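Asker: Submitted below is the structure of interest, expressed as structure tokens.
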Amino acid sequence: MTLRKDLALVASLIPAGSRVLDLGCASGQLLSHLMNEQGCRGTGVEIDSTSVLAAIRLGIPVIELDLDLQLDDFADDSYDVVVLSRTIQTIRRPQEVLRQMGRIGRRLIVSVPNFGWYGHRLRLLRGRMPMSRELPYEWYNTPNLRHTTLVDLQLLFDELGFTVEQRITLTPAGDPLQAGDRLANLMAGAAVYVLRPSA
């Protein structure tokens, strides 16, 4: 199974043998790769019942629950790595979910589409809602509840006391972006963050 570019990047950031909690795991492809290729142990969390069944078919231990309300079910420091990949924009309480992630795991990996990308800004100037490879939905059928820029996301991480160990910005095609930090919010279609919770 070939992983999407962004999931392959996330997988490369996870040490072999880690205990991994994948929040919003969809069909479980990331966890399947981590378990089969990197010797990780893991649990997926997903609310969509069709995706839960797909993950089960891959042999992934998956729990069907609501990230916004039910992360209290996990014990403190029970995982080495907690992943939230392309999911933060679909949840109602991102601040609380990130707090819970920091309680559950020692290392956090968060990937997010960047609403500040210049292509989105140009669409807004033309009077249209943003759409791209990262945000492929019309305004009326999108699962996305929240839209953030990289600048706004950094402010939230700071507020929560998270240390950003690494930020990898991506082009809209999913390749690593060569633009410097000052241009990242304008040029990046998405970003992947490696975070350490406050001690």
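Asker: Considering only protein heavy atoms and a probe of 1.4 Å, how much of the accessible area of the chain is carbon and sulfur, as a whole percent?
Answerer: With neighbouring chains kept in place, the figure for the chain is 52 percent.
Asker: Okay, moving on. Which order, highest average first, do 77-83, 18-24, 157-163 follow once you tally other Cβ atoms within 10 Å for each residue and take the mean per peptide? All intermediate terms of the calculation are to be shown ahead of the outcome.
Answerer: Numbers: 77-83: 21.1, 18-24: 23.4, 157-163: 14.1.
Output ranking for 77-83, 18-24, 157-163: 18-24, 77-83, 157-163.
Asker: Hey, what number do you get for the chain at 222 nm if only DSSP H runs of n ≥ 4 count, each worth -39500 (n - 2.57), divided across all residues, to the nearest 500?
Answerer: Value at 222 nm, helices only, nearest 500: -8500 deg cm²/dmol.
Asker: For the chain, report the accessible area per residue in Å² (1.4 Å probe, heavy atoms, rounded to an integer).
Answerer: 50 Å²
Asker: Modelled label-to-label distance, Ala16 and Tyr118, 7 Å Cα→beta-carbon offset: nm?
Answerer: It is 4.2 nm.
Asker: Over the chain, what is the percentage of antiparallel beta bridges among all DSSP beta bridges, to the nearest 5? Spell out each step's value before the answer.
Answerer: Details: 14 of 32 bridges.
Counting only bridges with both partners in the chain, antiparallel ones make up about 45 percent.
Asker: Follow-up. Taking the Cβ-Cβ separation of Glu37 and Arg182 as r and a Förster radius of 41 Å, what is the calculated FRET efficiency to the nearest 0.05?
Answerer: In this case the efficiency is close to 0.70.
Asker: Using 0.36 nm per residue, how much length does the chain from Arg106 to Asp73 gain when fully extended, once their Cα-Cα distance is taken away?
Answerer: On the way: separation 33, 0.36 × 33 = 11.88 nm, distance 1.70 nm.
Gain in length upon complete extension: 10.2 nm.
Asker: With a 1.4 Å probe and every protein chain left in place, tell me how much accessible area His147 has, in Å² to the nearest 10.
Answerer: His147 has an accessible surface of roughly 90 Å² with all protein chains in place.
Asker: Which option, (i) 37; (ii) 26; (iii) 23, is the value of percent of Cα pairs over 28 Å apart that was calculated from these coordinates?
Answerer: (iii)
Asker: If I take every Cα pair under 8 Å that is 6 or more residues apart in the chain, average their sequence separation and divide by the length, what percent do I get for the relative contact order?
Answerer: The value is 19 percent.
The values are calculated or read from the model by the stated rules, or taken from the named source; none is laboratory data. Just so it is clear, the structure is predicted and the values come from calculations on it, not from any experiment. Note: ideal-geometry Cβ built from the backbone for every residue, glycine included; neighbour counts use all protein chains shown. SASA here: full protein model, heavy atoms, side chains in, ligands and nucleic acids out. Shrake-Rupley method; radii C 1.70, N 1.55, O 1.52, S 1.80 Å.
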